[in-house]
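**Q** Got a structure for you, questions after.
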Amino acid sequence: MARVIDPGDIAKDFRKQVAQQVAKLTVPLKLVGFLSADNAPSQTYANYTKAGCDDVGIQYELRQVNKLALAAAIDEANADPAVHGIMVYYPIFATDQDAYIKDLVDHRKDIEGLNSYWVRMLYHNQRYVDAAKSKQALLPCTPLAVIKLLEAAGALRRSKAGHGVPLQGQTVVIFNRSEVVGRPLASMLANDGANVYSFDIDGPQLFRSGQVSEFKITRAEALSQADIVITGVPSREFPLVHCAEIRPGAVCLNFSTLRNFVPEIGDVAGVFIPRVGPMTVAMALRNTLRLFENYHA
């Protein structure tokens, strides 16, 4: 029977660490969220973010603005020295224009790590923003949350100094290749030594050692090799991952709002992580503090 990990339990430890550090600051730490679409999941995420901020002592302000006025509102927050972090609840336009919005957020306040500055650093595996390697680069919230949950599951083996390749020799399968979660997560896991098979509607790709290539492999072949299976498909048309498809003892993690595994997956998996949400919020709080320490302290 699988060990089930509740992300809420893991998130509590990170929130406690953030709260302790925030309490030492001499200025109030402020995060501004922008909500411009009538989207229930975005409103829910905003509510969770506020609750998380309240818990750790970060000031949180939700600004609801018309999507056509969003660019100007972001510019205003960028220029405000009292604002230390900015997050935008997507989708806004649900088109390529959302990418333009992501780049409007000053990377020094972009707690979600979606600005192209952070994206370039991630894909080039640049882990520090300074030559002295004293300031760590920012990573996107949900992929980072997944990494931390895999660490809690014992799937990553880091040295005490945090060095090495903790996923060396392991195979990961991810069903999702979005620019917000699936693709950056695949790169992060590959940077840590894993061979990552990434599946989406355009077919499989292999992420390995900083390289990405088209790769012909079936779902069944990939799952039969996987030490870790990660799913994030928000569609009821997705064929659920069945017990017979995975290796006994595999770590299985679902970050979709919908269930992507059959209910019986725990009969075969070694570890099952059914959701990620609370950890995503915890990483947003952590990133807010990191940006303050890197650029505003």
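The values are calculated or read from the model by the stated rules, or taken from the named source; none is laboratory data. Predicted model, so just to flag it, every value in this text is computed and none were measured. Note that each Cβ is placed from the backbone with ideal geometry, even for glycine, and that neighbours are counted across all protein chains shown.
**Q** Condition first: among the basic types (K, R), at pLDDT 95 or above and closer than 22 Å to M283 by Cα. Can you find one or more residues in segment 152-162 that meet it?
**A** Checked segment 152-162: no residue is among the basic types (K, R), at pLDDT 95 or above and closer than 22 Å to M283 by Cα.
**Q** Would you be able to tell me the number of residues in segment 189-208 that are outside any helix (DSSP H, G or I) and either in contact with a Pro (Cβ under 6 Å, 6 or more places away or on another chain) or within 18 Å of Q126 (Cβ to Cβ) (or both)? Walk me through how you get there before you give the answer.
**A** Pass one, segment 189-208, residues outside any helix (DSSP H, G or I): 192-208.
Still in the list and also either in contact with a Pro (Cβ under 6 Å, 6 or more places away or on another chain) or within 18 Å of Q126 (Cβ to Cβ) (or both): 192-193, 197, 207.
So the answer is 4.
**Q** Go through (1) under 23 Å from E151 (Cβ atoms); (2) within 21 Å of the chain's Cα centre (by Cα); (3) buried (at least 17 other Cβ atoms within 10 Å of the Cβ) for A19 and report which single condition fails.
**A** (3)
**Q** I'd like the residue in segment 110-155 that is surrounded by 15 or more Cβ atoms within 10 Å (Cβ to Cβ) and of a type in the set (S, T, N, Q) and, out of all such residues, is nearest to V180 (Cα to Cα).
**A** Filtering segment 110-155 for residues that are surrounded by 15 or more Cβ atoms within 10 Å (Cβ to Cβ) and of a type in the set (S, T, N, Q), the one nearest to V180 (Cα to Cα) comes out as T142.
**Q** Same structure again: Given I201, I111, which one is under 28 Å from N254 (Cβ atoms), in contact with a Cys (Cβ under 9 Å, 6 or more places away or on another chain) and hydrophobic (A, V, I, L, M, F, W, C)?
**A** On the way: I201 fails: in contact with a Cys (Cβ under 9 Å, 6 or more places away or on another chain).
Step by step, each of I201, I111 is checked, and only I111 is under 28 Å from N254 (Cβ atoms), in contact with a Cys (Cβ under 9 Å, 6 or more places away or on another chain) and hydrophobic (A, V, I, L, M, F, W, C).
**Q** Next question. Which of (1) among the hydrophobic types (A, V, I, L, M, F, W, C); (2) under 14 Å from L149 (Cβ atoms); (3) buried (at least 22 other Cβ atoms within 10 Å of the Cβ) is the odd one out, the single condition V271 does not satisfy?
**A** For V271, the failing item is (3).
**Q** Related question: Can L223 be described as aliphatic (A, V, I, L, M), part of a helix (DSSP H, G or I), at pLDDT 95 or above and more than 30 Å from V22 (Cα to Cα)?
**A** Working: aliphatic (A, V, I, L, M): yes; part of a helix (DSSP H, G or I): yes; at pLDDT 95 or above: yes; more than 30 Å from V22 (Cα to Cα): yes.
Yes, satisfied.
**Q** Could you grab me the full set of residues in segment 230-246 that are touching a helix residue (DSSP H, G or I) at 6+ places or on another chain (Cβ under 7 Å) and assigned to a loop (DSSP other than H, G, I, E, B)?
**A** G232, I246
**Q** Looking at K24, is it part of a loop (DSSP other than H, G, I, E, B), more than 12 Å from Y90 (Cα to Cα), at pLDDT 95 or above and out of contact with any Gly (no Cβ under 9 Å at 6 or more places or on another chain)?
**A** Yes.
**Q** Follow-up question, since we're still on this one. In segment 247-273, how many residues are under 22 Å from the mean Cα position of the chain (by Cα), in a loop (DSSP other than H, G, I, E, B) and over 19 Å from Q168 (Cα atoms)?
**A** 6
**Q** For A186, indicate whether it is part of a helix (DSSP H, G or I) and over 30 Å from Q17 (Cβ atoms).
**A** Judged against the criteria, A186 is not a match.
**Q** Evaluate segment 274-287: report whether one residue or more is in a loop (DSSP other than H, G, I, E, B) and of a type in the set (D, E, K, R).
**A** The answer is yes; a qualifying residue exists.
**Q** On the basis of being under 15 Å from the mean Cα position of the chain (by Cα) and assigned to a loop (DSSP other than H, G, I, E, B), does G113 make the cut?
**A** yes
**Q** Within the bounds of segment 41-51, is there any residue that is in contact with an Asp or Glu (Cβ under 8 Å, 6 or more places away or on another chain), basic (K, R) and surrounded by 15 or more Cβ atoms within 10 Å (Cβ to Cβ)?
**A** Checked against the condition, which is being in contact with an Asp or Glu (Cβ under 8 Å, 6 or more places away or on another chain), basic (K, R) and surrounded by 15 or more Cβ atoms within 10 Å (Cβ to Cβ), segment 41-51 yields no hits at all.
**Q** Quick one: in segment 209-220, which of the residues that are part of a strand (DSSP E or B) and of a type outside the set (S, T, Y) is surrounded by the most Cβ atoms within 10 Å (Cβ to Cβ)?
**A** V212
**Q** Sticking with this one: Which pairs turn up if I take residues in segment 216-228 that are within 18 Å of G193 (Cα to Cα) and look for partners that are crowded, with 19+ Cβ neighbours inside 10 Å and small (G, A, S) with beta carbon separation below 7 Å, at least 6 apart in sequence or on another chain?
**A** Pairs found: A226/A250; D227/A250; I228/A155; I228/A250.
**Q** I would also like to ask the following. Just to be sure I understand the filter: pairs with C-beta atoms under 6 Å, separated by 6 or more residues or on different chains, first member in segment 125-136 and in contact (Cβ under 8 Å) with a residue 24 or more places away in the chain and under 22 Å from P184 (Cβ atoms), second member hydrophobic (A, V, I, L, M, F, W, C) and surrounded by 13 or more Cβ atoms within 10 Å (Cβ to Cβ). Which pairs pass?
**A** Note: pairs meeting the criteria are V129/A137; K135/V129.
**Q** Being surrounded by fewer than 16 Cβ atoms within 10 Å (Cβ to Cβ), touching a residue at least 60 places away in the same chain (Cβ under 8 Å), under 18 Å from the mean Cα position of the chain (by Cα) and under 30 Å from C252 (Cβ atoms): is that true of P7 here?
**A** For P7, the condition - surrounded by fewer than 16 Cβ atoms within 10 Å (Cβ to Cβ), touching a residue at least 60 places away in the same chain (Cβ under 8 Å), under 18 Å from the mean Cα position of the chain (by Cα) and under 30 Å from C252 (Cβ atoms) - is not met.
**Q** Any residue in segment 61-76 that is part of a loop (DSSP other than H, G, I, E, B), among the β-branched types (V, I, T) and closer than 19 Å to V181 by Cβ? Working first, answer last.
**A** Taking segment 61-76 first, the residues part of a loop (DSSP other than H, G, I, E, B) are 65-66.
Then drop every residue that is not among the β-branched types (V, I, T), which leaves 65.
The next check asks that each one be closer than 19 Å to V181 by Cβ; those that pass are none.
No, there is no match, as no residue in segment 61-76 is part of a loop (DSSP other than H, G, I, E, B), among the β-branched types (V, I, T) and closer than 19 Å to V181 by Cβ.
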